[in-house]
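To start, the structure itself, in structure tokens.
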Amino acid sequence: VRAVAFDPGNEWFATGSADRTIKVWDLAAGKLRLTLTGHIGTVRALAVSSRHPYMFSAGDDKQVKCWDLEYNKVIRHYHGHLSGVYALNLHPALDLLATGGRDATVRVWDMRTKVEVFALGGHRDAVNSVVCQSPDPQIISAS
């Protein structure tokens, strides 16, 4: 397991793994609810929206995906990273998704239109963590 994300309602959680799958687990029962497939590399990051029925995943395959949790299928892809994507985070108030990865770049996406709003450079190595804050709005990244 390389990534974990919790449902904002605290009923389930998801794990992303080296076996290229995302597993959704019932929190109370500890039992597997569902397995999602679609990545062709290790799943390294997960985030669940508190405002929409979406989960986002990213991995070594350079892919960032938006999963519709009502239908359990991918509805959007975000293309732009040149290598594996190691981190992602959702802005708490805006429909923005921030991703970071091996290409040493943080990319900010409009989650609905899939448009890359910003490509933030400055790191000399892989971006391993990204956090979005409401004030200002701010994005903090670590490499």
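The values are calculated or read from the model by the stated rules, or taken from the named source; none is laboratory data. Worth saying up front: this structure is predicted, and the values here are computed from it rather than measured. Positions of Cβ are backbone-derived with ideal geometry, glycine not excepted, and every protein chain shown enters the neighbour counts. The area values use the complete protein model at the heavy-atom level, side chains included, leaving out ligands, DNA and RNA. Shrake-Rupley method; radii C 1.70, N 1.55, O 1.52, S 1.80 Å.
Evaluated with a Cβ-only charge set (Lys, Arg +1; Asp, Glu -1), the chain carries a dipole of roughly 280 debye about its Cα centre, given to the nearest 20.
Loop-located chymotrypsin sites (Phe, Trp or Tyr not before Pro) across the stretch 68-134 with a Cβ neighbour count of 12 or fewer within 10 Å are Y71, with loop assigned by DSSP. The listed residues E70, E116, once ranked by accessible area (1.4 Å probe) with the largest placed first, stand as E70, E116. Scan the stretch 94-143 for trypsin sites (Lys or Arg not before Pro) in coil per DSSP, keeping those whose Cβ has at most 13 other Cβ atoms within 10 Å, and list them by number. In loop regions of the stretch 94-143 (DSSP not H, G, I, E or B), the sparsely surrounded trypsin sites (Lys or Arg not before Pro) are R112, R124.
Among the listed pairs K62/K114; K23/K65; K23/K73; K31/K73, which have their C-alpha atoms separated by more than 18 angstrom in this model? Violating the 18 Å Cα-Cα cut-off are K31/K73. Toward the positive end of the charge dipole of the chain, with +1 on the Cβ of Lys and Arg and -1 on the Cβ of Asp and Glu, the farthest Cα among H79, M111, P8 is that of H79. Local charge for A93 was computed over the other residues whose Cβ lies under 13 Å away, with Lys and Arg +1 and Asp and Glu -1, and equals -1. Short to long, the 10 Å bins of the Cα pair-distance histogram for the chain hold 13, 46, 34, 7, 0 percent of all pairs.
If I histogram all Cα-Cα distances within the stretch 89-141 using bins 5 Å wide from 0, what percent of pairs lands in each bin? Going out from 0 Å in 5 Å bins, the stretch 89-141 shows 5, 23, 31, 25, 13, 3 percent. Restricting the trypsin sites (Lys or Arg not before Pro) of the stretch 1-74 to loop positions (DSSP other than H, G, I, E, B) with no more than 12 neighbouring Cβ atoms within 10 Å leaves K31. Here the 3J(HN,Hα) profile of the stretch 46-61, calculated from phi with Karplus coefficients 6.51, -1.76 and 1.60 at θ = phi - 60°, is 9, 8, 10, 6, 8, 10, 9, x, 10, 10, 10, 9, 8, x, 5, 7 Hz, Gly and Pro shown as x. Across the chain, the mean sequence separation of Cα contacts (distance under 8 Å, 6 or more residues apart), normalised by length, yields a relative contact order of 14 percent.
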